[in-house]
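Asker: Take this structure first; my questions come after.
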Ligand code: MRU
């Protein structure tokens, strides 16, 4: 049973504090939208689909607290709530997808009594969370055949249960392969600077008794050259119409290495991660995070005071380096523009 990082119980949103893992399993509770927004910004909750789920609950809390008598006075304040949530992190499109879905739901049900609409928005957020878990299991079934009977699989960042409503995208495919009886051993890149690989991927796979070996990011090339990696699978924060993939910083490096060594490089992501409004990856906004993540390890300074730092949190892997994109509607290979469009048509 993989963990679910976001629970909604008795009107309270509970999220495991992912900043504290793996040393502490602390659950934080939220009942209003500003708190949820801060949780997304500060990475209590992270991972593209999980950010979307949290934002949907934030929007529902915000809607509940709007003092209005009718939809016309409710709507502008609800839009402000959604804008506040949308301003937390720029790259993962699932955040905007979830907020758009909540707004569309509100508009479509504008004729309901406002109290009823507010309750239904909470149900809609809960539906997004449940659907995400289901979607990942379906994605796992589609992706599992790509994993050999015996495989050493490299992954980068955390695209697991912790990053989603449950089960995971890239790690969901790995879980499905394990459930299918395959002998899978995972290599987890530590994923500097925020260490989602060592803190989160290693934690959740070890918890599920899936063999996992931690490596530093700069070891992947050596291990590939020694024949110790069979394929790579990662998640995504945003996929452009042409199949270019934004994911955690360092993903592009791994994709280039995989190409050089003739290894398949797979991306697993739900349809909600595909952004058809942008033609290619150059249009994806890349979040720049605090220099302190690079200069410090916890409270300890690891670099000279005042040193210039860059800290882009994501990079873009060109579609030509991607062997397949695995979604809940099937696997796309080759012509991504056409293939993704067809998937989207098959709703
Ligand atoms: O900065 P994060 O931890 O939110 O970044 C997460 C990633 O890059 C994941 O690989 C991506 O969101 C896919 S999660 C299923």
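We did not get these values from a lab; they are worked out from the coordinates using the rules stated. This structure is a prediction, so every number in the text was calculated from the model and none was measured. Glycine also receives a Cβ, built like all others from the backbone with ideal geometry; neighbour counts cover every protein chain displayed.
Asker: Need one number: the % of Cα-Cα pairs in region 6-137 sitting beyond the 23 Å mark.
Answerer: Summing the P(r) tail past 23 Å for region 6-137 gives 28 percent.
Asker: So, in Å, what gap is there between the alpha-carbon centers of region 160-180 and region 287-321?
Answerer: Using only Cα atoms, the two centres lie 27 Å from each other.
Asker: Test of understanding: ordering 23, 317 by Cβ neighbours within 10 Å, fewest first, what list do you get?
Answerer: 23, 317
Asker: Let me ask you something else. log10 I(q)/I(0), Debye, Cα-only region 1-68, no solvent, q = 0.12, 0.23, 0.24 Å⁻¹?
Answerer: -0.29, -0.98, -1.05
Asker: How large is Rg over Rh for region 66-141, taking Rg from the Cα atoms and Rh as the Kirkwood inverse mean of 1/r across Cα pairs?
Answerer: My calculation puts Rg/Rh at 1.03.
Asker: How much of the pair distance distribution for region 138-344 lies past 21 Å, counting alpha-carbon pairs only, in percent?
Answerer: Counting every Cα pair in region 138-344, those more than 21 Å apart make up 51 percent.
Asker: Quote the relative contact order of region 50-114 in percent (integer), defining contacts as alpha-carbon pairs under 8 Å separated by 6+ residues.
Answerer: 48
Asker: With a/c under 1.5 counting as rounded, go ahead and sort region 206-299 into rounded, prolate or oblate using the C-alpha gyration tensor (a ≥ b ≥ c being the square roots of the eigenvalues; past the cut-off, prolate if a/b is larger than b/c, else oblate).
Answerer: oblate
Asker: For the chain, give the share of DSSP beta bridges that are antiparallel, in percent and rounded to the nearest 5; count only bridges with both residues there.
Answerer: The antiparallel proportion sits near 50 percent.
Asker: Same structure again: How would you order 199-206, 127-134, 44-51, 144-151 from highest to lowest mean count of nearby Cβ atoms within 10 Å?
Answerer: Listed from highest to lowest mean packing, they are 44-51, 199-206, 127-134, 144-151.
Asker: Also, quick follow-up: Quick one: 253, 273, fewest Cβ neighbours within 10 Å first, how do they rank? It would help to have the intermediate numbers written out before the result.
Answerer: Working: 253 17, 273 26.
Listed from fewest to most nearby Cβ atoms, that is 253, 273.
Asker: Quick one: divide the alpha-carbon radius of gyration of the chain by 2.2 N^0.38 Å and tell me what you get.
Answerer: 0.98
Asker: Can you work out the FRET efficiency for the pair residue 70 and residue 126, with r the C-beta to C-beta distance and R0 = 25 Å, to the nearest 0.05?
Answerer: Here the calculated transfer efficiency is 0.50.
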